[in-house]
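Colleague: Mind looking over this structure? Questions follow.
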Amino acid sequence: MLDRSQSEDIANRIFALVAQGEAELIISSEHVGSTRFAANAISQHQEEDTRCLRLRVLHDGRQGVAECNTLDDAALRALV
């Protein structure tokens, strides 16, 4: 999961890339785990961390929305 400082860093990087208009960024991050049991014993355990960025930009009366789940610089540039 992303902590507050990581989320703020991502938001600052995104907003620096938005050249014009107003931008809204929603960052979601969650940790999900599940465990399966068989014959009173753990048979399978899975954990997953998911992240999603949703960017909405308003410019000249138009709106654009994009989402991504990768946080590297190239993905953030493509998002904007």
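Colleague: Tell me, what is the per residue accessible area of the chain in Å², probe radius 1.4 Å?
Modeller: 74
Colleague: Report Rg/Rh for the chain, rounded to two decimals, where Rg is the Cα radius of gyration and Rh the Kirkwood radius. Working shown, then result.
Modeller: Details: Rg = 17.5 Å, Rh = 14.6 Å.
Value, to two decimals: 1.20.
Colleague: Still on this structure, I have one more. Quick one: with all protein chains in place, what share of the accessible area of the chain is carbon or sulfur, to the nearest percent (1.4 Å probe)?
Modeller: Numbers: 2650 of 5950 Å².
Exposed carbon and sulfur together represent 45 percent of the surface.
The values are calculated or read from the model by the stated rules, or taken from the named source; none is laboratory data. The model shown is predicted, which means the values in this text are computed figures rather than measured ones. Keep in mind that these areas ignore ligands, DNA and RNA; they rest on the heavy atoms of the full protein, side chains included. Shrake-Rupley method; radii C 1.70, N 1.55, O 1.52, S 1.80 Å.
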